[in-house]
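Chemist: Following this message is one structure expressed as structure tokens.
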Amino acid sequence: MEEPKANLTSPGSEHGEKEDGAGGPIILFFILGLIGSLLVGWVAFPALLYSQKKQPIDFDHALHNGLVDNGCESCHFFREDGTYSGVPQLAQCVQCHEEANSENPEEIKFVENYVKKEREVPWLVYSRQPDCVFFSHAAHVKAGKMECITCHGPVGESESLKPYQQNRITGYSRDIWGTNMLGLKRNSWDRMKMDDCAECHEKAHMAAGSVQTQKDGCFVCHK
Amino acid sequence: MKIDRRSFLSFVIGGAAGTALTPLPWKLTDDLSIWSQNWPWTPVPPKGETSYVTSTCTLCPGGCGISVRKVDERVVKIEGLKGHPVNDGGVCILGASGTQMLYGHTRVQAPLKKVDGAWRTITWDQAISEIASTLKELRGKGRPQSVAWVSDTDRGTTAELCRRFLTVYGSPNFIRTPSMQDAYEMALYLTQGNRAMAGFDVGQATYVLSFGSGLVEGWGSPPYMFRAKGAMQAKGGRLSQVDARLSKTAAKADQWLPVKPGTDGVLALGLIHVILKEGLYRKDFVADKAGGLDSLRNLAGDAYAPEAVSKATGLEAKTIVDLAKAFAGAKKPLAICGRGAGRVPGNVQEYLAVHFLNALVGSINTPGGVIAVPEPDYIRWPEPEMDAVASKGMQQPRVDGAGTKSFPVTRYLLNRLPETLAAGSTAPVQVLFVSSANPAYSLVDTQSVVKAFEKIPLIVSFSSYMDETAAMAHYVLPSPIYLERFEDVPVALGFPRPIIGLTKPVVKPLFNTQPTGDVVIRLAKAVGGTVAGAFKWESYEACLKQTLGNTWEPLKKNGYQVDAKFAPGPFETQSKKFEFTNADIAQLPAYAARKAPGDETSYPLTLVPYDSMRLTAGAIGSPPFLVKSLEATVLSKNDVRVEVNPATAKEIGLADGADAVLSTPKGNAKVKVYLFDGIMPGLVGMVRGLGHTAYDRFLAGKGVNTNDLMGSVEDPGTGLEAVWGIRAKLAKA
């Protein structure tokens, strides 16, 4: 006895032939695709997008902060002409670290590899912006009286440097987009995108009358 | 379970839906846009500390102050120096391109010697000892006068060291490259007795009558003239531009007077005629401070009545009369000449006629007038001790004929050198030194120049770049460029007050170079005897410091020193007056407008070169910034476009952009046509500064060097180069 073919039992058999037995798999494949892409988008992509890099020296901000008089500006200072020095150059470090002051292996590494060889430390800068972005520290810190922490977070309290996560496409740090892949933030320093600049400028009621909103305002920051 | 097309599509749709729910597409879009806006292979100057160094630009004789912006030890931008009396913050396109002159790849990086046609790097010691031994040998043979030196300036310590070297060595042949300075200096000397540079107080004038002078095209000190012309017009002053083509200056003038080319002098004399006839001249100046007016009446006699001048120049007689009245009636009128950027001296009698116009209206040594700026006098070295060879050599006539019986008042005649060299069987010049000059490119009739120079057994170039003259030299002893060395710059062409600028080493010399001053001192020491005795300095820098004395420190600090209380000195003629005539002037042959050389039937058109601010045509080759800025109407790919009036083009059957062959008695060139209503029918306008064979792919092989097509025209009586155009023919290619 032949088993009746399933399609014979259903009406409209001529059309049903193709659909039969595929209804389940079609949904299954849809779900497979969905789950797969969710995994790719949420797990694989972030993992692949960023490479992990270690800083050349594990610098202890907290320790140094306790030793200097002038807070962040002791090392990250403004030059006489108002420009910002950014990450200290070797010459500044040498003022205290001509010889190792402790047995700390990181300090010894620093003195041996950089001070003695007169090589600049290739620090990886978490807040480095693309070259098309012009940012004046003087305008924000000197004129706007902003705190370093507002944008940079409590770096001064950190005892070691976190790994530098470099975006493989852009070459910039993950800290610009923020750790959260959706770009959500809890603190003002979690992200450093243009929207974050705009948010603050708007909050501070800077939108009207500030140079950024005038004609050619684009070129205030994008030179 | 069967995987068919449907399940695959389902998978893809599921994947797409899922992807949209992840940050992937949004983040990727953002990252890709950042990446594409910051191509990692685009060179970006490294970040660092910004600093500014105040210095002086020497890319032209404009004497502008510059403020050089550096990031750490790298020059990134050159700006005009604010508050500088010459340019007050202004900078021309060439000045701003100085970074390319510094870091460009046509720099000569070490002393070179040509061995079997190829360059070989040698040491400075070898170069100096080899050249010195040739010099000693020539001296031994009693022919020191066969050494000549070509330089683009005769002012400042470097030029004076070169001249001093020649003097104690025994040669009178220090030659400055030709420019309108020659003719203006001569006009001042002949009429006022002053050995002085001409300064023009354009800014304070109320009416400027320019005989073809490109006030915005490189005439005088470019940024100074831009500012002064702008200031003059802003205060209600007027500019009338006499020009055969609608130059940029003519376009910016209040009145454009298109005259037939080469008839500027006729027009000037015509204006003198009207001013004298109608008694429009300033009687106070002419009666008290000038002499020889009768002779001027003779000079500008009936032959220069408005109708005759109208016929010669193409202007209407009424226009000429009105122009004379407007000029003489202005509060502070000023007449200037020197065509375009003043790169060719011209006919001295035209300069005299224009200078007479200024004298008739009293605009001599007054605010808004022509100022005789005395030559710098701070170089006071002890007279060198001369031996017998040197004294005898110095008594020989100059190889270029300047100062001889034929050209008694002329100081330099580089344009005559090729002919002199070609004439004899043994070259009268055995050694030629060339510092900051490129005569094999910049002299009229380059073919003859190159041919003549080939007869010189030893050519030594001090160029920082492998230019045309350096390429044909036997040694190149590269000098550091102005951003790498100290040097005094006692000239700002056309600036109405004496000024000294100082160039400073903004960066350490990039290559194995030595300042020409140092090489001269070392050469002198190697030659020995009284030659060495005249150079007691240890180095050029020591010489410069000692020469400047108390001026050194303020100069180093400010970058320049200007004499604020300057007042022009008295006339130094025999009569102590401005002389419309005297023995020297009377000796000049009668004035005649010079025709363009060539046969009019074979060459129905006339080629007139013009100058552009976007090209340089002297000692310096245009850096890429300049060439890239050229309009498509000037350079089309590698072809120069020549300006032709549409009427003329129609006769020949040439359309806009058509390929054509331009022929002159001196040669042929491939060009493209640019139909331009602003040029007179019958003329062909071509820009100066292209057609280099040396330098790099950004400059070489682009367009045509106008000097290749031009023939030399000697101004009788002075010997100066007076060519303004040449007969030409344009045919379809």
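The values are calculated or read from the model by the stated rules, or taken from the named source; none is laboratory data. From a predicted model like this one, the values you see are computed outputs, not experimental measurements. Quick reminder, even Gly has a Cβ in these numbers, built from the backbone with ideal geometry, and neighbours come from all protein chains shown.
Chemist: Does the stretch B:458-471 hold any residues that are more than 20 Å from the chain's Cα centre (by Cα) and without any contact (Cβ under 8 Å) to a residue 40 or more places away in the chain, and which are they?
Modeler: Across the stretch B:458-471, the qualifying residue is only B:ILE459.
Chemist: If you don't mind, there's one more thing I want to ask. Answer yes or no as to whether B:LYS260 is within 24 Å of the chain's Cα centre (by Cα) and among the basic types (Lys, Arg).
Modeler: Spelling it out, it is not the case that B:LYS260 is within 24 Å of the chain's Cα centre (by Cα) and among the basic types (Lys, Arg).
Chemist: Follow-up question, since we're still on this one. Between residues in the stretch B:680-695 that are free of Cβ contacts under 8 Å to residues at least 60 places away in the same chain and residues that are acidic (Asp, Glu), which pairs lie under 7 Å by C-beta distance while being six or more apart or on different chains?
Modeler: If the second residue must be acidic (Asp, Glu), the pairs left are B:GLY691/B:ASP708.
Chemist: Mind listing whichever residues of the stretch A:57-73 are over 21 Å from the mean Cα position of the chain (by Cα) and not in a helix (DSSP H, G or I)?
Modeler: A:VAL68, A:ASP69, A:ASN70
Chemist: So, one more: Given the structure, is B:LYS77 basic (Lys, Arg), part of a helix (DSSP H, G or I) and within 14 Å of another protein chain (Cβ to nearest Cβ)?
Modeler: no
Chemist: Further question on the same structure: Could you list, in sequence order, all residues of the stretch A:75-101 that are part of a helix (DSSP H, G or I), over 24 Å from A:SER173 (Cβ atoms) and either without any contact (Cβ under 8 Å) to a residue 12 or more places away in the chain or out of contact with any helix residue (DSSP H, G or I) (no Cβ under 8 Å at 6 or more places or on another chain) (or both)?
Modeler: Correct list: A:ALA91, A:GLN95, A:CYS96.
Chemist: Output the residues belonging to the stretch B:17-26 that are at the interface with chain A (Cβ under 7 Å from one of its Cβ atoms) and either assigned to a helix (DSSP H, G or I) or among the small types (Gly, Ala, Ser) (or both).
Modeler: First, the residues of the stretch B:17-26 that are at the interface with chain A (Cβ under 7 Å from one of its Cβ atoms): B:17-19, B:21-24.
Across the stretch B:17-26, the qualifying residues are B:ALA17, B:GLY18, B:THR19, B:LEU24.
Chemist: Could we say that B:THR664 is farther than 28 Å from B:ALA437 by Cβ, modelled with pLDDT of 95 or more and either within 26 Å of the chain's Cα centre (by Cα) or of a type in the set (Val, Ile, Thr) (or both) here?
Modeler: no
Chemist: Of all the residues that make up the stretch B:548-595, how many are surrounded by 12 or more Cβ atoms within 10 Å (Cβ to Cβ) and farther than 17 Å from B:PRO716 by Cβ?
Modeler: Within the stretch B:548-595, residues that are surrounded by 12 or more Cβ atoms within 10 Å (Cβ to Cβ) and farther than 17 Å from B:PRO716 by Cβ number 27.
Chemist: Might you check whether a residue that is in contact with a Gly (Cβ under 8 Å, 6 or more places away or on another chain), assigned to a helix (DSSP H, G or I) and not small (Gly, Ala, Ser) occurs anywhere in the stretch B:326-338?
Modeler: Among the residues of the stretch B:326-338, not one is in contact with a Gly (Cβ under 8 Å, 6 or more places away or on another chain), assigned to a helix (DSSP H, G or I) and not small (Gly, Ala, Ser), which makes the answer no.
Chemist: What's the number of the only condition in (1) under 21 Å from B:SER146 (Cβ atoms); (2) modelled with pLDDT of 95 or more; (3) surrounded by fewer than 24 Cβ atoms within 10 Å (Cβ to Cβ) that B:VAL507 fails to meet?
Modeler: B:VAL507 satisfies every listed condition except (1).
Chemist: Tell me, which residue of the stretch B:685-724 that is at positive phi and touching a strand residue (DSSP E or B) at 6+ places or on another chain (Cβ under 6 Å) is surrounded by the most Cβ atoms within 10 Å (Cβ to Cβ)?
Modeler: Going through the stretch B:685-724, the residues at positive phi turn out to be B:689, B:691, B:695, B:701, B:703, B:717, B:719.
Then drop every residue that is not touching a strand residue (DSSP E or B) at 6+ places or on another chain (Cβ under 6 Å), which leaves B:703, B:719.
Working: B:GLY703: 28, B:GLY719: 22.
Top of the filtered list is B:GLY703.
Chemist: Now, a different point. Out of A:CYS132, A:CYS148, which single residue is more than 30 Å from B:ALA17 (Cα to Cα), within 14 Å of another protein chain (Cβ to nearest Cβ) and touching a residue at least 60 places away in the same chain (Cβ under 8 Å)? Give the derivation first.
Modeler: Numbers: A:CYS148 fails: within 14 Å of another protein chain (Cβ to nearest Cβ).
Being more than 30 Å from B:ALA17 (Cα to Cα), within 14 Å of another protein chain (Cβ to nearest Cβ) and touching a residue at least 60 places away in the same chain (Cβ under 8 Å) holds for just one of A:CYS132, A:CYS148, which is A:CYS132.
Chemist: For residues in the stretch B:27-60 being part of a helix (DSSP H, G or I) and β-branched (Val, Ile, Thr), which is modelled with the highest pLDDT?
Modeler: The first filter runs over the stretch B:27-60 and keeps only residues part of a helix (DSSP H, G or I), leaving B:27-37.
Those left that are additionally β-branched (Val, Ile, Thr): B:29, B:34.
Numbers: B:THR29: 94, B:ILE34: 90.
Among those that are part of a helix (DSSP H, G or I) and β-branched (Val, Ile, Thr), it is B:THR29.
Chemist: Out of all the residues in the stretch B:362-383, is one or more under 21 Å from B:GLY424 (Cα atoms) and either among the polar types (S, T, N, Q) or touching a residue at least 12 places away in the same chain (Cβ under 8 Å) (or both)?
Modeler: No.
Chemist: Just a yes or no: is a residue in the stretch A:65-87 surrounded by 13 or more Cβ atoms within 10 Å (Cβ to Cβ), more than 21 Å from A:PHE134 (Cβ to Cβ) and within 14 Å of chain B (Cβ to nearest Cβ)?
Modeler: no
Chemist: Quick check on the stretch B:27-55: of everything there that is more than 8 Å from chain A (Cβ to nearest Cβ), loosely packed, with under 14 Cβ neighbours inside 10 Å and of a type outside the set (S, T, N, Q), which residue is nearest to A:PRO25 (Cα to Cα)?
Modeler: B:TRP39
This table checks each residue for (1) surrounded by fewer than 20 Cβ atoms within 10 Å (Cβ to Cβ); (2) in a helix (DSSP H, G or I); (3) touching a Phe, Trp or Tyr at 6+ places or on another chain (Cβ under 6 Å); (4) in the same structural domain as B:GLY230 (by TED's automatic domain parsing).
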residue: B:ALA253; (1), (2), (3), (4): no, no, no, yes
residue: B:TRP256; (1), (2), (3), (4): yes, no, no, yes
residue: B:VAL259; (1), (2), (3), (4): no, no, no, yes
residue: B:VAL266; (1), (2), (3), (4): no, yes, no, yes
residue: B:LEU271; (1), (2), (3), (4): no, yes, no, yes
residue: B:ILE275; (1), (2), (3), (4): no, yes, yes, yes
residue: B:GLY279; (1), (2), (3), (4): yes, no, no, yes
residue: B:LEU296; (1), (2), (3), (4): no, yes, yes, yes
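Chemist: When you look at B:GLU185, is it in a loop (DSSP other than H, G, I, E, B) and modelled with pLDDT of 95 or more, yes or no?
Modeler: Spelling it out, it is not the case that B:GLU185 is in a loop (DSSP other than H, G, I, E, B) and modelled with pLDDT of 95 or more.
Chemist: A further question follows. Out of (1) surrounded by 24 or more Cβ atoms within 10 Å (Cβ to Cβ); (2) at pLDDT 95 or above, the odd one out for B:LEU417 is which?
Modeler: (2)
Quick grid of which residues meet (1) within 15 Å of the chain's Cα centre (by Cα); (2) on the phi > 0 side of the Ramachandran plot; (3) not in a strand (DSSP E or B):
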position	(1), (2), (3)
A:ALA138	no, no, yes
A:ILE169	yes, no, yes
A:ASP175	yes, no, yes
A:ASN180	yes, no, yes
A:GLY183	yes, yes, yes
A:ASN187	yes, no, yes
A:ASP196	yes, no, yes
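Chemist: Looking only at residues that are in a helix (DSSP H, G or I) and more than 13 Å from B:THR22 (Cα to Cα) in the stretch A:34-56, which one is nearest to the other protein chains (Cβ to nearest Cβ)?
Modeler: Filtering the stretch A:34-56 for residues that are in a helix (DSSP H, G or I) and more than 13 Å from B:THR22 (Cα to Cα), the one nearest to the other protein chains (Cβ to nearest Cβ) comes out as A:LEU49.
Chemist: Follow-up. Against the conditions (1) surrounded by fewer than 24 Cβ atoms within 10 Å (Cβ to Cβ); (2) more than 30 Å from B:PRO480 (Cβ to Cβ); (3) in contact with a Lys or Arg (Cβ under 8 Å, 6 or more places away or on another chain), where does B:ALA196 fall short? Just the number, please.
Modeler: (3)
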